[in-house]
1. Work out how much length residue B:40 to residue B:55 would gain on full extension: take 0.36 nm times their residue separation and subtract the Cα-Cα distance, in nm to one decimal.
2. Determine the equivalent ellipsoid of region A:112-252 by diagonalising the alpha-carbon gyration tensor, then write out the semi-axes as square roots of 5 times the eigenvalues, largest first, rounded to whole Å.
3. May I ask you to compute the full-extension gain from residue A:28 to residue A:69, defined as 0.36 nm times their residue separation minus their alpha-carbon distance, rounded to one decimal in nm?
4. Neighbouring Cβ atoms within 10 Å as the yardstick, rank A:59, A:5 fewest first.
5. Can you pull the mean other chain C-beta count within 10 Å for peptide A:30-41?
6. What's the exposure ranking of B:55, B:87, going from fewest to most Cβ atoms within 10 Å?
7. What FRET efficiency, computed as 1/(1 + (r/R0)^6) with R0 = 45 Å and r the Cβ-Cβ distance, is obtained for residue A:257 and residue A:208, rounded to the nearest 0.05?
8. Between residue A:46 and residue A:240, with labels modelled 7 Å along Cα→Cβ, what's the label distance in nm to one decimal, could you check?
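Read-outs: derived from the displayed coordinates by stated rules, not from any lab. Predicted, not measured: the structure shown is a model, and the values here were computed from it. Reconstructed Cβ throughout: ideal geometry from the backbone, glycine too, with neighbour counts over all protein chains shown.
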């Protein structure tokens, strides 16, 4: 049996109370949302918080709505709720592409968006999706609210800029006209982490690419994105030639490491090919 | 700590629950409900699947405190008074059980799938829907063919489910 080390447990009844509990315990407390990343890590003793602050009852952090040309997703929203959201599916197909291949339906029922992002696993899918979409993370602390671009949210593998005593409360995703998006993932078996994956967001002005966002999963791309490939695409005519070259650029700037999911050159190949495929599909959807 | 929750329709209280304990441990070791199985403990295999406020979850990854004052239905709750539910009956008839370790989780997950589809007056789930719904329930014996047969059989018999 897998048993975590000793831990205290407190249940928060409001965001303010959660923040108060978190800051009282300093860096040794962790918020417990769905727990589907944290609890496995605790059972393996890779995480050993002294206090769990249970925020799973904070319904005020569970919502999906549209305001100011943004999709706003509460951090406690379950994966299944995001996958069920019609507005997310219509306006941001990249989000539904990714959600369909995150773990399995049972895990998606209880695992949360905020929990996935704060786990900051380099193979986690939504990090690349939100980087491609240039989303914004809303973080609350005792001192108030601050916003951080998705591309600055991660401080490294399993590390984010959310400080002890703070809570990720919302994701804001821009809804842009004339835009298509897609996410392409290769996994060893259904529900597994990515061998590699790529997300693409294309905004068109006629036949030209007005703006592009590319997110990369599990290939060591800094901040889960490919700015060199995005820069190449901007202003260029949308089409196969541009998409293929952008894929190659994205692969050149990625830094995959060999592991049980595959060797480095294979992952680099996937980074190129999946970027191209995602761009192709995003273009079809724009 | 003390955790009070509703399990299979009855209010139950577990005492001396340790803060890091899972809902699965509470069900199996404190409330004498061993139907939900303890296998991977990492949310990979689905053998501990229970309904938590009507939603299938991995009980191994829900902290005991998180289940407080919520409604839990385990596989035992799908066979009240010891009579098999329609999904259980179909698994039996289709021979969808070998070692049986994954079966309780599958029964709970299939119950949920059919409650949302055929049992709600909607068309029965197609094979792709069934495969997707069961993607988180691993069976290492059957090769899944008989499990799919069982789901189709149960779906064909269900006008309406509770």
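1. Details: separation 15, 0.36 × 15 = 5.40 nm, distance 2.03 nm.
Fully extending the segment from residue B:40 to residue B:55 adds 3.4 nm.
2. Details: eigenvalues 149, 68, 29 Å².
Square roots of five times the eigenvalues give 27, 18, 12 Å.
3. On the way: separation 41, 0.36 × 41 = 14.76 nm, distance 3.78 nm.
That pair, residue A:28 and residue A:69, stretches by 11.0 nm at full extension.
4. Details: A:59 9, A:5 12.
Least to most surrounded, the residues fall as A:59, A:5.
5. Numbers: counts 0, 0, 3, 1, 5, 7, 6, 2, 2, 11, 8, 1.
Other-chain Cβ atoms within 10 Å of each residue's Cβ, averaged: 4.
6. Values: B:55 13, B:87 31.
Going from least to most buried by this count: B:55, B:87.
7. Numbers: r = 36 Å, r/R0 = 0.81.
Calculated value: 0.80.
8. In this crude label model, residue A:46 to residue A:240 measures out at 4.2 nm.
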